[in-house]
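Trainee: One structure is given below, represented as structure tokens, and several questions about it will come after.
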Amino acid sequence: TNLNQIMQDILVDFELLISEKGAIVETTDLPEIEAHALQMNQLFFNLIGNALKFSKRNTTPVIVVRAQKLTDERKAGFEKLQKEKDYVEITVEDNGIGFNQEYAKKIFTVFQRLNDRSMYGGYGIGLVICKKTVDIHSGIIYAEGKPKEGAKFTIILPYQQK
């Protein structure tokens with residue numbers, strides 16, 4: 001699956017919202033990995049959608065998507081990862097409303113919302129889908145955030161599933 005193509009398709013899907021918000025979306029070159037294309041589309045659609053949804057008023061939303069090969073040193077820090085596999089580390093970072101780090105694990109639980117639904121909409125299942133997708137692909141996802149400063153989601157996926 002070509003993740004560059006997935007990202008291009010998602011940016012087309014969000015073209016109107018990006019334009020309305022005056023958002024800036026920066027992406028580095030993303031790799032091809034062995035993955036289910038529709039599930040990768042859902043993963044990045046939810047992450048980019050959340051970054052746009054939870055942007056701050058009167059602030060230009062900036063979303064940065066980066067990818068790099070996971071170093072052996074970093075790989076050693078994750079028990080779940082297999083030593084013999086190569087992994088890509090992808091980050092999706094924004095300058096939005098952020099969240100308290102104490103809720104970082106909770107946001108991947110079904111129907112958990114950190115914000116008022118009347119203000120932001122949604123049902124609290126987008127990040128659950130992200131977690132499930134990453135789990136199915138033998139990867140890891142985690143979140144870091146600071147209130148009023150933004151959020152950063154890190155996804156670690158193997159290049160090959162076998």
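Trainee: Filtering region 129-162 down to residues that are of a type in the set (A, V, I, L, M) and out of contact with any Phe, Trp or Tyr (no Cβ under 8 Å at 6 or more places or on another chain), which residue is most open to solvent (accessible area, probe 1.4 Å)? Before you say what the answer is, go through the steps one by one.
Mentor: Step one: list which residues in region 129-162 are of a type in the set (A, V, I, L, M), which gives 129, 134, 136, 140-141, 143, 151, 155-157.
Narrowing further to those that are out of contact with any Phe, Trp or Tyr (no Cβ under 8 Å at 6 or more places or on another chain): 129, 134, 136, 155.
On the way: Ile129: 57, Val134: 0, Ile136: 92, Ile155: 0 Å².
My answer is Ile136.
Trainee: Keeping to region 48-84, report how many residues are touching a residue at least 60 places away in the same chain (Cβ under 8 Å) and open to solvent by 20 Å² or more (accessible area, probe 1.4 Å). Write out each step before concluding.
Mentor: In the first step, residues of region 48-84 are kept if they are touching a residue at least 60 places away in the same chain (Cβ under 8 Å); the result is 49-51, 53-54, 56, 67, 70, 78, 80-82.
Subset that is open to solvent by 20 Å² or more (accessible area, probe 1.4 Å): 50, 53-54, 56, 67, 78, 80, 82.
The total comes to 8.
Trainee: Sticking with this one: Looking at Thr71 and the list (1) at pLDDT 95 or above; (2) of a type in the set (S, T, N, Q); (3) touching a strand residue (DSSP E or B) at 6+ places or on another chain (Cβ under 7 Å), which single condition is not satisfied?
Mentor: (3)
Trainee: I'm trying to understand the selection: among the residues of region 10-35, which are more than 26 Å from Arg57 (Cα to Cα) and open to solvent by 40 Å² or more (accessible area, probe 1.4 Å)? Steps first, please.
Mentor: Of all residues in region 10-35, those more than 26 Å from Arg57 (Cα to Cα) come to 28-35.
Within region 10-35, Thr28, Asp29, Glu32, Glu34 meet the criteria.
Trainee: Anything in region 16-39 that is under 20 Å from Asn95 (Cβ atoms), of a type outside the set (Gly, Ala, Ser) and without any contact (Cβ under 8 Å) to a residue 24 or more places away in the chain? List them, or say none. Working first, answer last.
Mentor: Filtering region 16-39 down to residues under 20 Å from Asn95 (Cβ atoms) leaves 17-28.
Filter again for of a type outside the set (Gly, Ala, Ser), leaving 17-18, 20-21, 24-28.
Once the filter is applied, which keeps residues that are under 20 Å from Asn95 (Cβ atoms), of a type outside the set (Gly, Ala, Ser) and without any contact (Cβ under 8 Å) to a residue 24 or more places away in the chain, region 16-39 yields only Glu20.
Trainee: Also, I was wondering about something else. Only residues that are of a type in the set (Ser, Thr, Tyr) and touching a helix residue (DSSP H, G or I) at 6+ places or on another chain (Cβ under 9 Å): list them for region 40-73, please. Working first, answer last.
Mentor: Step one: filter region 40-73 for residues of a type in the set (Ser, Thr, Tyr), giving 55, 59-60, 71.
Correct list: Ser55, Thr60.
Trainee: When you look at Thr1, is it surrounded by 15 or more Cβ atoms within 10 Å (Cβ to Cβ), among the polar types (S, T, N, Q) and farther than 18 Å from Asp135 by Cβ, yes or no?
Mentor: On the way: surrounded by 15 or more Cβ atoms within 10 Å (Cβ to Cβ): yes; among the polar types (S, T, N, Q): yes; farther than 18 Å from Asp135 by Cβ: no.
Answer is no for this residue.
Trainee: Sticking with this structure for a sec: From the residues in region 79-108 that are of a type in the set (Val, Ile, Thr) and not in a helix (DSSP H, G or I), which one is modelled with the lowest pLDDT? So that I can check it myself, show each step before the final result.
Mentor: Going through region 79-108, the residues of a type in the set (Val, Ile, Thr) turn out to be 88, 90-92, 97, 107.
Cutting the leftovers down to not in a helix (DSSP H, G or I) gives us 88, 90-92, 97.
Values: Val88: 98, Ile90: 98, Thr91: 98, Val92: 98, Ile97: 91.
By that ranking, first place goes to Ile97.
The values are calculated or read from the model by the stated rules, or taken from the named source; none is laboratory data. Computed from a prediction, not measured in an experiment: that's the story for all the values here. Methodologically, a virtual Cβ is constructed for each residue, glycine included, from the backbone with ideal geometry; neighbour enumeration extends over all protein chains shown. Keep in mind that these areas ignore ligands, DNA and RNA; they rest on the heavy atoms of the full protein, side chains included. Shrake-Rupley method; radii C 1.70, N 1.55, O 1.52, S 1.80 Å.
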